[in-house]
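Trainee: Sharing a structure, written as structure tokens. Questions coming.
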Amino acid sequence: MTDVRYPFTAIVGMADLRLGLLLNAVSPAVGGVLVRGEKGTAKSTMVRALAGLLPSIAAVDGCRFSCDPAAPDPQCPDGPHSATGSHERPSQLVELPVGVAEDRIVGSLDLERALAEGVKAYEPGLLAKAHRGVLYIDEVNLLQDHVVDLLLDAAAMGRSYVEREGVSVRHAARFLLVGTMNPEEGELRPQLLDRFGLTVEIAATRDPAERAEVVRRRLAYDADPAGFATRFAEEERELAERITAARELLPKVELTDVALRQITAVCAAFEVDGLRADIVMARTAVALAAWDGRTEVLEEDVRMAARLALPHRRRRNPFDAPGLDEEQLERTLEEHSQGDDDPEPEGDGPGPGGGPEGGPDGGGPDGGGAPEPSADGAPEAPATDGADGSDGPEQPQQPVPAQHPSPARESAPAAAGDPYRTKLFTVRGTGHGAQGRRSPAETTGGHTIRARRPQGALGRLHLTATLQAAAPHQVARGRSGRALVVQKDDFREQVRQGRESNLVLFVVDASGSMAARQRMTAVKGAVLSLLMDAYQRRDKIGMITFRGAGAELALPPTSSVEVGAARLESLPTGGRTPLAEGLLRAHEVLRVERLRDPSRRPLLVVVTDGRATGGRDALARSHRAAALFAAQGTASVVLDCESGPVRLGLARTLAGQLGGAAVSLDELRAEGVASLVRENRPTTVRDNRATTLRKAA
């Protein structure tokens, strides 16, 4: 093994990522970089290579917090620093593992010594180690929310705080924050996205020549790391010198009134929330000018700053893709290129949103996505007359090609209805899963519900319980003064109850009886609403569809609700209803997931009219399959899709077999799909307060 880093200048392509990292190296105030991209695109390699280009730093001798001898931190726990020696050392790259605990990040106080000896014993964490260096978080979207909050708060304030039972420690924590993520594994929530200064989308090149060069260089590096690094040593030195020169030039760069007006106009035109985007764009534009060796910000700097700083701030709902409308950007820059001495009057030009009449964004794609359907969702395919009672394929109004006949023709996918607010439904009992916002669970956050003896290292001290445990033994321990004699066995820690995330597994009936376009549109709208709710509550989701002769795992359990929404939108319908096969497939998926993640509790959502026509004794087999979930105590919900004047009540019967609750489509629009938890709650789920969910445009 070797500790020779892959050279930054040896990486092929990825110009935007290269620029984003270098701008942060020039001006850490930009706020870091979030790198979004598919797996295997050298995200981690480039970030690690950047650390080798950063200038070395001077640090106070003996200081665990890397204080600058020219301006030591007056609140440094190892201070005060006066007339002490210093030394030069390289900038540090600190990598944060996905499963890191809170105490490992911010450091930990030895509460036993604090109480028993009256001393502050503080062990610095990763934030202290990363001070004046690079903090790298691989798969940042997989970190627990409270951990990400700690990191981003420290990055924003430049200081880390540890507050534990009246004992307070704080120290400087200024670092270049770089996070990488694969969007297929789930998104960061908008509040966290906004805290990253820049974002860069990367993908592997499709050019065979470039791919060949990537492979050639990687093989050469693996064969002789030191020799390969030597080949690029001169380029690395030149790049490091350019970073140093840009840092020195940075204070001299002038942000003109015209450039500043362009920055604020672009942020206003793209309707980004708050003013952080304006500040980040200004800092980025100044860094771009310094990087190019200029002392004045130009329009080209503002343009590039917008492309790096705004795409991730444009999302309006979980299913929006990051991106910018390039035409709108160019229009806005042009309109404000001469200042506001002679502002353009309102007239035939674009409106405040920068687009023509007919929509806030000009009716075009937002962020590079596909255009939305026309108002009220113009059908992508002809509607079917689909009688509710039928279980075969719906007959289209347009002729279907006669070749390749099939006993179960598919109906073209129906568009999903608009998502809407849902009410919170939970898995009964108290879990121990990953922190989220759905079901009750013992977590590191939340409110204290009881005390217990420490399990391993002492976590959050329960002071009252500790004093109560120590009080009866004071005479026997020879207490003579005011101080309480506390021993290790007296300590008690807090047990806190918060909320966990769950695995929401959708089992969706895609048979012919569901193919009536109006009904399937309503059903997809309901499932889309639940997907948005799952996104807000940090759940994992999975989707099984059943039709024809069997069931298909359309979406393996994942944290990416965008993928779930895409699979739902393209879901075809037609054929018989193998309900039992769908339930059995769900049972197998949950069995495997329990082995992979035993602490994450599932919620089964079955979307069906309750009919079963696949094979012999189809209905009886589906009820036997449902009984498997009831025997295991799996929380379940049935979305009853039966409609029409005559109803058989099969979905509600299925809900009874599952031990769950049911709701009909007639009730869906009035109160939201999650109102289904009001019925049969003791055996399945427990009601809680309503949640606020923004209605998607």
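Trainee: For residues that are within 30 Å of residue 186 (Cβ to Cβ) and of a type in the set (S, T, N, Q), scanning just region 474-508, find the one that is modelled with the highest pLDDT. Break it down into steps so the answer makes sense when it comes.
Mentor: Let us first name the residues in region 474-508 that are within 30 Å of residue 186 (Cβ to Cβ), namely 494-508.
Filter again for of a type in the set (S, T, N, Q), leaving 494, 497, 501-502.
Details: 494: 86, 497: 83, 501: 86, 502: 91.
The selected residue is 502.
Trainee: Right, another one. When region 184-216 is examined, which residues are found to be within 17 Å of residue 10 (Cβ to Cβ) and open to solvent by less than 50 Å² (accessible area, probe 1.4 Å)? Don't jump to the end; show me each part of the working.
Mentor: Start the filter on region 184-216 by keeping residues that are within 17 Å of residue 10 (Cβ to Cβ), which leaves 202, 204-205, 209-216.
Answer for region 184-216, where residues must be within 17 Å of residue 10 (Cβ to Cβ) and open to solvent by less than 50 Å² (accessible area, probe 1.4 Å): 202, 204, 205, 212.
Trainee: Looking at region 15-41 only, could you name the residues that are open to solvent by 40 Å² or more (accessible area, probe 1.4 Å) and either within 20 Å of residue 245 (Cα to Cα) or not in a helix (DSSP H, G or I) (or both)?
Mentor: The answer is 18, 28, 29, 38, 39, 40.
Trainee: Let me ask something additional. Quick check on my filter: what residues within region 462-477 are small (Gly, Ala, Ser) and either under 49 Å from the mean Cα position of the chain (by Cα) or crowded, with 17+ Cβ neighbours inside 10 Å (or both)?
Mentor: 465, 469, 470, 471
Trainee: Looking only at residues that are in a loop (DSSP other than H, G, I, E, B) and in contact with a Gly (Cβ under 9 Å, 6 or more places away or on another chain) in region 43-71, which one is surrounded by the most Cβ atoms within 10 Å (Cβ to Cβ)? Reasoning before the result, please.
Mentor: Here is the first cut: in region 43-71, the ones in a loop (DSSP other than H, G, I, E, B) are 52-56, 61-71.
So of that shortlist, the ones also in contact with a Gly (Cβ under 9 Å, 6 or more places away or on another chain) come out as 54, 61-63, 65-67, 69.
Details: 54: 21, 61: 11, 62: 11, 63: 22, 65: 25, 66: 24, 67: 27, 69: 16.
Ranking the candidates gives 67 first.
Trainee: Among (1) out of contact with any Ser or Thr (no Cβ under 9 Å at 6 or more places or on another chain); (2) surrounded by 22 or more Cβ atoms within 10 Å (Cβ to Cβ); (3) at pLDDT 85 or above; (4) not small (Gly, Ala, Ser), where does residue 127 come up short?
Mentor: Among (1) out of contact with any Ser or Thr (no Cβ under 9 Å at 6 or more places or on another chain); (2) surrounded by 22 or more Cβ atoms within 10 Å (Cβ to Cβ); (3) at pLDDT 85 or above; (4) not small (Gly, Ala, Ser), the lone unmet condition for residue 127 is (1).
Trainee: Could I ask something else about it? Go through (1) in contact with a Lys or Arg (Cβ under 8 Å, 6 or more places away or on another chain); (2) closer than 15 Å to residue 14 by Cα one by one and return the number of the condition residue 228 breaks.
Mentor: It fails just one condition, (2).
Trainee: Quick one: count up the residues across region 262-297 that are assigned to a helix (DSSP H, G or I), more than 20 Å from residue 249 (Cβ to Cβ) and open to solvent by 20 Å² or more (accessible area, probe 1.4 Å).
Mentor: 5
Trainee: Additional query: Output the residues belonging to region 72-111 that are open to solvent by 70 Å² or more (accessible area, probe 1.4 Å) and over 30 Å from residue 456 (Cβ atoms).
Mentor: Listed by number, the residues that qualify are 74, 75, 80, 82, 83, 84, 87, 88, 90.
Trainee: For region 415-430, does any single residue satisfy the condition of being modelled with pLDDT of 80 or more, within 30 Å of residue 488 (Cβ to Cβ) and under 38 Å from the mean Cα position of the chain (by Cα)?
Mentor: Yes, there is a match, as at least one residue in region 415-430 is modelled with pLDDT of 80 or more, within 30 Å of residue 488 (Cβ to Cβ) and under 38 Å from the mean Cα position of the chain (by Cα).
Trainee: Further, regarding this structure: Scanning for something of a type in the set (Ser, Thr, Tyr), more than 27 Å from residue 443 (Cα to Cα) and not in a loop (DSSP other than H, G, I, E, B), does region 503-517 turn up at least one residue?
Mentor: So the first thing to find is which residues in region 503-517 are of a type in the set (Ser, Thr, Tyr), and the list is 511, 513.
Still in the running and more than 27 Å from residue 443 (Cα to Cα): 511, 513.
Adding the requirement that they be not in a loop (DSSP other than H, G, I, E, B) leaves 513.
Scanning region 503-517, I find at least one residue that is of a type in the set (Ser, Thr, Tyr), more than 27 Å from residue 443 (Cα to Cα) and not in a loop (DSSP other than H, G, I, E, B), so the answer is yes.
Trainee: Within region 547-659, which helices (runs of 4 or more DSSP H) (wholly inside it) include 2 or more residues that are under 27 Å from residue 144 (Cα atoms), of a type outside the set (A, V, I, L, M) and open to solvent by less than 60 Å² (accessible area, probe 1.4 Å)?
Mentor: 561-569
Trainee: Tell me yes or no: at least one residue of region 146-155 is open to solvent by less than 30 Å² (accessible area, probe 1.4 Å), closer than 25 Å to residue 280 by Cβ, of a type outside the set (Asp, Glu) and in a loop (DSSP other than H, G, I, E, B). Please lay out each step first, then the result.
Mentor: In the first step, residues of region 146-155 are kept if they are open to solvent by less than 30 Å² (accessible area, probe 1.4 Å); the result is 147-148, 151-152, 154.
Retained after the next criterion (residues that are closer than 25 Å to residue 280 by Cβ): 147-148, 151-152, 154.
Applying the additional criterion that residues be of a type outside the set (Asp, Glu) yields 147-148, 151-152, 154.
The next check asks that each one be in a loop (DSSP other than H, G, I, E, B); those that pass are none.
Within region 146-155 (the criterion being open to solvent by less than 30 Å² (accessible area, probe 1.4 Å), closer than 25 Å to residue 280 by Cβ, of a type outside the set (Asp, Glu) and in a loop (DSSP other than H, G, I, E, B)), the answer is no, since none of the residues qualifies.
Trainee: A further question follows. Only residues in region 611-625 that are without any contact (Cβ under 8 Å) to a residue 40 or more places away in the chain and at positive phi count as the first member; pair them with residues that are open to solvent by 10 Å² or more (accessible area, probe 1.4 Å) and part of a loop (DSSP other than H, G, I, E, B), Cβ under 9 angstrom, at least 6 apart or cross-chain, and list the lot.
Mentor: These pairs meet every condition: 615/549; 615/576.
Trainee: Just name the residue that is modelled with the highest pLDDT out of those in region 162-183 that are in a loop (DSSP other than H, G, I, E, B) and open to solvent by 50 Å² or more (accessible area, probe 1.4 Å).
Mentor: Step by step, filter region 162-183, then rank; the result is 174.
Trainee: Still on this structure, I have one more. Starting from region 518-529, take each residue that is open to solvent by less than 10 Å² (accessible area, probe 1.4 Å) and list its partners that are acidic (Asp, Glu), counting only C-beta distances under 8 angstrom and pairs at least six apart or across chains.
Mentor: Filtered contacts from region 518-529: 524/569; 525/418.
Trainee: Which of the numbered conditions does residue 259 fail, given that it passes all the others? Conditions: (1) more than 19 Å from residue 338 (Cβ to Cβ); (2) buried (at least 18 other Cβ atoms within 10 Å of the Cβ); (3) in contact with a helix residue (DSSP H, G or I) (Cβ under 8 Å, 6 or more places away or on another chain).
Mentor: Every condition holds for residue 259 apart from (1).
Trainee: What do you reckon, is residue 249 farther than 22 Å from residue 18 by Cα and open to solvent by 30 Å² or more (accessible area, probe 1.4 Å)? Steps first, answer last, please.
Mentor: Values: farther than 22 Å from residue 18 by Cα: no; open to solvent by 30 Å² or more (accessible area, probe 1.4 Å): yes.
So residue 249 fails the test.
Trainee: Within the group 465, 441, which residue is among the small types (Gly, Ala, Ser), at pLDDT 85 or above and in a helix (DSSP H, G or I)?
Mentor: Just a single option satisfies the conditions, and that option is 465.
Trainee: Which members of region 478-497 meet the condition of being surrounded by 15 or more Cβ atoms within 10 Å (Cβ to Cβ) and either out of contact with any Pro (no Cβ under 8 Å at 6 or more places or on another chain) or β-branched (Val, Ile, Thr) (or both)?
Mentor: Matches in region 478-497: 484, 485, 486, 490, 494, 495, 496.
Trainee: Here's a follow-up. Restricting the first residue to region 198-219 and requiring it to be among the small types (Gly, Ala, Ser), which pairs with a second residue that is open to solvent by less than 70 Å² (accessible area, probe 1.4 Å) meet a Cβ separation below 7 Å and a spacing of at least six or different chains?
Mentor: From residues that are among the small types (Gly, Ala, Ser), the pairs are 203/37; 203/38; 203/41; 204/38; 204/41.
Trainee: Kindly establish whether residue 448 is β-branched (Val, Ile, Thr), open to solvent by 40 Å² or more (accessible area, probe 1.4 Å) and part of a strand (DSSP E or B).
Mentor: Considered against the rule, which asks whether it is β-branched (Val, Ile, Thr), open to solvent by 40 Å² or more (accessible area, probe 1.4 Å) and part of a strand (DSSP E or B), residue 448 comes out as yes.
Trainee: Quick one: what pairs do we get from region 457-480, first residue over 30 Å from residue 101 (Cβ atoms), second modelled with pLDDT of 85 or more and surrounded by 18 or more Cβ atoms within 10 Å (Cβ to Cβ), C-beta under 8 Å, 6+ apart or different chains?
Mentor: From residues that are over 30 Å from residue 101 (Cβ atoms), the pairs are 473/490.
The values are calculated or read from the model by the stated rules, or taken from the named source; none is laboratory data. Bear in mind that the values here come from a model prediction, so they are computed numbers and not experimental data. Cβ coordinates were reconstructed from backbone atoms using ideal geometry, including for glycine residues, and neighbour counts include every protein chain displayed. In case anyone asks, the SASA skips ligands and DNA or RNA and just uses the protein heavy atoms, side chains included. Shrake-Rupley method; radii C 1.70, N 1.55, O 1.52, S 1.80 Å.
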